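Below: one structure, written as structure tokens.
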Amino acid sequence: MTCIKLRFTPFALAIALFSPTIYTDLSTGSAEAAEIVVPSQVALINDAIEQGWRDYEIRPASEADDATWCRRVYLDILGRIPTLEELNAFLADRGSGKRAKLVNTLLYDDRFTEEYAGHWGTIWTNILIGRSGGTERRTLINRDGMQKYLRDAFAQNKPYNDLVYELVTAVGSTKPGTKNFNGAVNFLVEKVNEEKAVLATSSTSRILLGQQVQCTQCHNHPFNQWKQQKFWEFNSFFRQTRSLRRFVDGTRDIDHAELINEDFAGEAGDAEDALVFYELRNGLTRVAYPVFTDGTEIAKSGYVSDVNRRDELGRLVLQSEFLDKMIVNRMWAHFLGFGFTKPVDDLGPHNAASHPELLDELGKEVRQHSYDLKQLITWITLSRPYQLSAVLGKANEIDDPSIGEMPKFSRFYLRQMSAEQLYQSLVTATGAGAAGSYEEQEQQRRKWMRQFVVAFGTDEGGEATTFDGSIPQALMLFNGDLTKNATSTKTGSFLDRIQKGGRSTRERLTSLFMAAVARRPTKNEVSVAGKLYVARKNNELEMLQDMWWALINSNEFIMQH
Amino acid sequence: MTNHWQTPAGMTRRHFMSHLAGSSAAYAASLSMGSSIYAFADELKQKRRSAIMLWMGGGPATIDLWDLKPGSPTGGPFRPISTTGNMQICEHLPLMAQQMKHMSVVRSMSTREADHDRGRYYMHTGYVPNPNITHPSYGSVIAHELMSQRPELEIPPFVSIGGASEGPGFLGMAWSPFSVSSNGRIRNLQMSLEESRLMQRMAALNMIEQSFSKRTRDLPAVEHSKVLKKTYDLMTSDQMEAFKVDEEPDDVKERYGTNGFGQGCLLARRLVEAGVPFIEVDLGGWDNHQGIHTILKDDKLPTLDKAMSALIEDLNARGLLQDTVVMWMGEFGRTPNINAQAGRDHFARAWSCVVGGADIQGGLAIGETSPDGSAVVTEPFSSEDLMTTVVKGLGISSEKTFTSKNGRPMKIAGGGKIIKDLLG
């Protein structure tokens, strides 16, 4: 294996990307090779990012080698590291444009559809209902329902605008298998019930449009153009909506919930003129009707037969340019580690973007390309910033967003895997999870995830994760069951298979390093392995076990790089 | 092959680890830090300061607890009662009334953050949220400043019980809160193999860690190594006994209250005794937009009253209160106006925090709000002011300045002013 030597210069890559090249046909989704040109959006990204480097007089990091890049793109697109076989297959490919080919395969080859959908379904479940949504007692949310809806949507590559429209306007039941099941309702089902749908208001505007409005519920915020009035106008769109509890027969246990639209009489009791009241900080009362963020008004009637307020909201959201920018920013942050803004879901005028024109342009491209997320992923993963290595050098020292600098994307920013990525990586790379049906595996995974969630004790369901590089995470990786399974030496285990393959101890050690961190061991690491071999009284399997334990506990393993 | 691999008898774990780390200057430095000041440990032990924060997640209605407004339309149904301090408090806190000689109520808190996330951040750090920098929270700052008083401490210096607290910001992951549940049980603490083999694995691990840190030169990689070391220390430390709150006698557990918060406060006392400089104990469920007075009377106040009074009484009886600051706060207060659902909404303009212990004066009511509770009528105090005062009350200089990662000087506690009456 000569993976390390396969690195090619940025310029070589640029040529590979811009010359017409063999490429899989995107439209049919087949693996048949067809002549197509690398999408022009890649150049759009590269031009804007490189201009930034020139402006700040920095030189980007060198290009990541193929093995590192392969690990990176599997983690970002499928949510796990590649298996040893997958990594080796990529390294063995001598064809031009192999990176583009791999992206294409991960996105369009049927073998990966399920993993792709599972990964993005999980990401979006966490965005829409948090990591604890649907896990508390007496919750209305059905987490399986949310996940099923999203998994199906990503499996068929549902256009993003359709996804958003469905989430905003959904009616039906939360639970798979019940009458009127519509998993999309799980986004709003709990958020419309509490406190006059305040949470539905702030979540919808923040997650889908990048508008942070939660503070303007109570007062005009000094740093935000949103005013209290706008909050309650946006809120008015949700006031025909209600969640109904459906109980298990003969008990008061909630079986599921149903999200419905019904006539809204308004807070003054006149459905023809269905207004809401809100209170200014000086105690005065004001009224609000549904008005979209851009000032577009809809009819004031509260009768659903006159005007379905959430359908109108859905329509208006789809017209907003913030819809486009928000998805671009979110996807960019997913792949590059930082968004064009920080936080990623605040696109307000008070929060300047690092590359505002690029954000705009990419937003327009997404709209023109029917909100096809797989195309957006292709543009980003083939762009130059995504090819760079994760090295902070002298020539780009100022490019450090972790200390509050605007990101310049002149290197790949190191970041920790998510808990889900870690779990999935160990399951796929080492079979650490138990077998069983999808549901059983999902239950196991969820149980494992729960140990890291800490709730804040507020009505808004605020939460944090202890999977943040702190001690509980380290303890889990040192001693937890997942690690025990991953380092098992039982017949048929990953380590057992490694030990039965390969021509020499050295080669088997190399396989371990490739599988975990996509590189060969250094001289020093080989020598440590030698010492361990002696300490284990020449038991090679136990030495491999020690090294594998060390590898999966290392920063290099837990980091996306 | 050297004898590192056999762990010679008589060689302590720490000693062994520093041998292993010999190849790496950075690792060795982090290991040797403790020993140089170890000689002074005994003297320093005499003045080992700690702080306990009781965090009321959701934003408690301080108008119903510490600053009642009987007779005002905003006053609600609760009556005030006299205390051993120079103030009255809610009738549903009778045990706390006995302890108020040790605690002071700052009734003139006036802040601007009435959103949960922003309020939690602001009250924990003394800084308003800023997208470009993350500030260290109380626990990280105080642990960082007080660690030199306890070189022998092997368990994390910042423990958060039953909640997430806030993070270390630019001080780095090594100062992040160690979150445990109130029963003190810690997941995955049990080593799955003998210590000598674990140490050998650690040596291999260190080598991989160092080479990655050196190659990328990026902070997350370096921080990871520091956390690994702390984790290893903790796994092999006898001091972890402090977490075994179950071993307390039944009558003590009963006195604190046999619920999560009660046991959390008891655990906090054990951790103070073990030398942990900062502990946060969380009690959530104060976000009472509906039916507030029933919830307070039947659930929140009895739980709080028992646990908080037991903690203060116990710390005092053990002579620990004179070196331990106890503070009570949430993100903000709640509206004087009672809404249509018989609840109170978020309100930051006029509310109360409670603080006492160490050099902080007890028994005082600081500041005053208007007769309906809607405004502060005396000098208003901020999170920065309170934090500066607490820091000073622990004997840390309030002039202390940190340097953030981008080289910006940052005053401890946002450079607030000292609430003079509290420091006597």
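Table for the structure above
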{"item": "Scan of the stretch B:168-178 for residues that are open to solvent by less than 30 Å² (accessible area, probe 1.4 Å), at the interface with chain A (Cβ under 8 Å from one of its Cβ atoms) and not hydroxyl-bearing (Ser, Thr, Tyr), ordered by number", "result": "B:Phe170, B:Pro177, B:Phe178"}
{"item": "Filtered residue count, the stretch A:149-162, keeping only those that are out of contact with any Gly (no Cβ under 6 Å at 6 or more places or on another chain) and touching a residue at least 24 places away in the same chain (Cβ under 8 Å)", "result": "8"}
{"item": "Residue pairs meeting the criteria (Cβ under 7 Å; at least 6 apart or on separate chains; first away from every other protein chain (no Cβ under 14 Å), in the stretch B:93-115; second part of a helix (DSSP H, G or I) and hydroxyl-bearing (Ser, Thr, Tyr))", "result": "B:Leu95/B:Ser309; B:Met96/B:Ser309; B:Gln98/B:Ser309; B:Gln99/B:Ser309"}
{"item": "Conditions (1) out of contact with any Leu (no Cβ under 7 Å at 6 or more places or on another chain); (2) crowded, with 21+ Cβ neighbours inside 10 Å: number failed by A:Tyr56", "result": "(2)"}
{"item": "Out of B:Glu209, B:Glu223, sole residue that is open to solvent by less than 10 Å² (accessible area, probe 1.4 Å) and facing chain A (nearest Cβ under 7 Å)", "result": "B:Glu209"}
{"item": "Unique residue being surrounded by fewer than 24 Cβ atoms within 10 Å (Cβ to Cβ), within 14 Å of chain A (Cβ to nearest Cβ) and out of contact with any strand residue (DSSP E or B) (no Cβ under 9 Å at 6 or more places or on another chain) when the list is B:Ala342, B:Ala317", "result": "B:Ala342"}
{"item": "Condition met for A:Thr522 (away from chain B (no Cβ under 11 Å), closer than 27 Å to A:Leu87 by Cα and surrounded by fewer than 17 Cβ atoms within 10 Å (Cβ to Cβ))", "result": "no"}
{"item": "Identity of the residue in the stretch B:401-424, part of a helix (DSSP H, G or I) and either within 22 Å of the chain's Cα centre (by Cα) or within 11 Å of chain A (Cβ to nearest Cβ) (or both), that ends up surrounded by the fewest Cβ atoms within 10 Å (Cβ to Cβ)", "result": "B:Leu423"}
{"item": "The stretch B:179-197, subset touching a residue at least 24 places away in the same chain (Cβ under 8 Å) and outside any loop (DSSP other than H, G, I, E, B), residue farthest from the other protein chains (Cβ to nearest Cβ)", "result": "B:Glu195"}
{"item": "Any hit, the stretch A:351-367, residues being touching a strand residue (DSSP E or B) at 6+ places or on another chain (Cβ under 7 Å), polar (S, T, N, Q) and more than 22 Å from A:Ala153 (Cβ to Cβ)", "result": "no"}
{"item": "Qualifying residue in the stretch B:227-234 (condition: touching a helix residue (DSSP H, G or I) at 6+ places or on another chain (Cβ under 9 Å), open to solvent by 20 Å² or more (accessible area, probe 1.4 Å), more than 30 Å from B:Glu313 (Cα to Cα) and of a type outside the set (Gly, Ala, Ser))", "result": "yes"}
{"item": "Verdict on B:Ala164 being open to solvent by 10 Å² or more (accessible area, probe 1.4 Å) and either within 9 Å of chain A (Cβ to nearest Cβ) or without any contact (Cβ under 8 Å) to a residue 60 or more places away in the chain (or both)", "result": "yes"}
{"item": "Filter result for A:Gly530 (within 14 Å of another protein chain (Cβ to nearest Cβ) and either open to solvent by less than 10 Å² (accessible area, probe 1.4 Å) or in contact with a Gly (Cβ under 6 Å, 6 or more places away or on another chain) (or both))", "result": "no"}
{"item": "Hits in the stretch A:332-358 (condition: within 17 Å of A:Ala48 (Cα to Cα), out of contact with any Phe, Trp or Tyr (no Cβ under 8 Å at 6 or more places or on another chain) and more than 14 Å from chain B (Cβ to nearest Cβ))", "result": "A:Glu357"}
{"item": "Residue among B:Ile142, B:Ile155 that alone is in a loop (DSSP other than H, G, I, E, B), more than 9 Å from chain A (Cβ to nearest Cβ) and open to solvent by less than 10 Å² (accessible area, probe 1.4 Å)", "result": "B:Ile155"}
{"item": "Strands (runs of 3 or more DSSP E) within the stretch A:227-296 that include 2 or more residues open to solvent by less than 50 Å² (accessible area, probe 1.4 Å), in contact with a Pro (Cβ under 6 Å, 6 or more places away or on another chain) and assigned by TED's automatic domain parsing to the domain that holds A:His350", "result": "none"}
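Every residue, every condition in (1) more than 30 Å from A:Glu463 (Cβ to Cβ); (2) assigned by TED's automatic domain parsing to the domain that holds A:Glu190; (3) touching a Pro at 6+ places or on another chain (Cβ under 9 Å); (4) not small (Gly, Ala, Ser), yes or no:
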{"site": "A:Asp65", "(1), (2), (3), (4)": "yes, no, no, yes"}
{"site": "A:Arg71", "(1), (2), (3), (4)": "no, no, yes, yes"}
{"site": "A:Thr83", "(1), (2), (3), (4)": "yes, no, no, yes"}
{"site": "A:Tyr116", "(1), (2), (3), (4)": "no, no, no, yes"}
{"site": "A:Thr125", "(1), (2), (3), (4)": "no, no, no, yes"}
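Table: residues versus (1) charged (D, E, K, R); (2) at pLDDT below 95.
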site: B:Glu280; (1), (2): yes, no
site: B:Gly284; (1), (2): no, yes
site: B:Ile295; (1), (2): no, no
site: B:Pro302; (1), (2): no, no
site: B:Asp314; (1), (2): yes, no
site: B:Gly333; (1), (2): no, no
site: B:Pro336; (1), (2): no, no
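The values are calculated or read from the model by the stated rules, or taken from the named source; none is laboratory data. Predicted model only: the values in this text are computed from it and were never measured. Backbone-built Cβ (ideal geometry, glycine too); neighbour counts: all protein chains shown. The accessibility values were calculated without ligands, DNA or RNA, using every heavy atom of the protein model including side chains. Shrake-Rupley method; radii C 1.70, N 1.55, O 1.52, S 1.80 Å.
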